[in-house]
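As structure tokens, the structure follows; a few thoughts come after it.
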């Protein structure tokens with residue numbers, strides 16, 4: 001901890017969704033790192049894709065588990081109960097301490113296409129729904145991100161997730177003015193709500209990127225416009241908690 005700043009990681013996932021470790025293992029790892037706080041999150045239930053999210057019947061169990069850890073580690077580390085609420089999830093957020101608002105899918109008609117599953121799935125979606133026009137896909141994505149301000153959202157999750165595969169498989173020019181203007185418009189739409197943007201290091205820890213979300217030009221734009229930020233690892237295992245925070 002430096003100059004009164006709380007060192008916490010509010011975006012980590014456990015084996016209640018697509019994480020590898022139990023909630024208590026994640027808390028114990030955070031204690032070893034000397035964190036002041038840890039936010040345990042589940043991916044909200046999405047009926048159209050149950051492959052990665054919390055199971056509907058386990059939401060109550062999850063809330064009880066985190067509540068017990070809050071008491072067990074009281075005075076050692078602050079434990080918070082979070083949910084990463086996808087834009088297209090209608091799961092209630094009652095009982096959670098905070099909500100990370102995120103966009104994981106492109107919705108076209110009744111179809112939901114994951115943008116961060118793998119590069120092939122994304123390429124196929126751009127061909128099928130946008131005629132190969134990557135900029136049109138990005139426009140749909142950022143218009144969706146802008147909608148987070150009208151949903152229960154305390155933190156904007158991985159703002160430019162659409163660039164996840166761009167480093168290893170260049171798909172579009174994320175430094176072009178056309179692309180940046182789409183992202184900046186989403187920033188401008190979110191800023192009046194005073195929702196902080198996370199600086200998310202999950203893409204780095206998993207080997208997809210060398211820079212966090214949002215990319216430096218967008219992070220600079222957010223800060224220049226008075227937006228607030230916080231660090232998060234988006235860790236899906238104990239070893240990645242607080243990943244890259246020192247840097």
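The values are calculated or read from the model by the stated rules, or taken from the named source; none is laboratory data. These numbers were taken from a predicted model, which means no experiment stands behind them. Methodologically, a virtual Cβ is constructed for each residue, glycine included, from the backbone with ideal geometry; neighbour enumeration extends over all protein chains shown.
Some points to look at:
- Some residue of the stretch 204-212 being surrounded by 15 or more Cβ atoms within 10 Å (Cβ to Cβ) and assigned to a helix (DSSP H, G or I): yes
- Pairs, first at negative phi in the stretch 166-192, second outside any helix (DSSP H, G or I) and surrounded by fewer than 17 Cβ atoms within 10 Å (Cβ to Cβ), C-beta under 6 Å, six or more apart: 191/225
- You will find that of 1, 6, the residue that is in contact with a strand residue (DSSP E or B) (Cβ under 9 Å, 6 or more places away or on another chain), over 20 Å from residue 164 (Cα atoms) and modelled with pLDDT under 95 is 6 and no other.
- Matching option when the condition is part of a loop (DSSP other than H, G, I, E, B), on the phi > 0 side of the Ramachandran plot and either touching a residue at least 40 places away in the same chain (Cβ under 8 Å) or out of contact with any helix residue (DSSP H, G or I) (no Cβ under 9 Å at 6 or more places or on another chain) (or both), among 226, 244: 244
- Checklist (1) surrounded by 16 or more Cβ atoms within 10 Å (Cβ to Cβ); (2) without any contact (Cβ under 8 Å) to a residue 40 or more places away in the chain; (3) farther than 23 Å from residue 239 by Cα applied to residue 199, failing item: (3)
- For residue 205: the one exception among (1) within 23 Å of residue 135 (Cα to Cα); (2) at pLDDT 95 or above: (1)
- Some residue of the stretch 123-135 being surrounded by 13 or more Cβ atoms within 10 Å (Cβ to Cβ), over 21 Å from residue 19 (Cα atoms), without any contact (Cβ under 8 Å) to a residue 24 or more places away in the chain and in contact with a strand residue (DSSP E or B) (Cβ under 7 Å, 6 or more places away or on another chain): yes
- Picking from residues in the stretch 52-83 that are under 17 Å from the mean Cα position of the chain (by Cα) and in a loop (DSSP other than H, G, I, E, B), the one that is surrounded by the most Cβ atoms within 10 Å (Cβ to Cβ) is 54.
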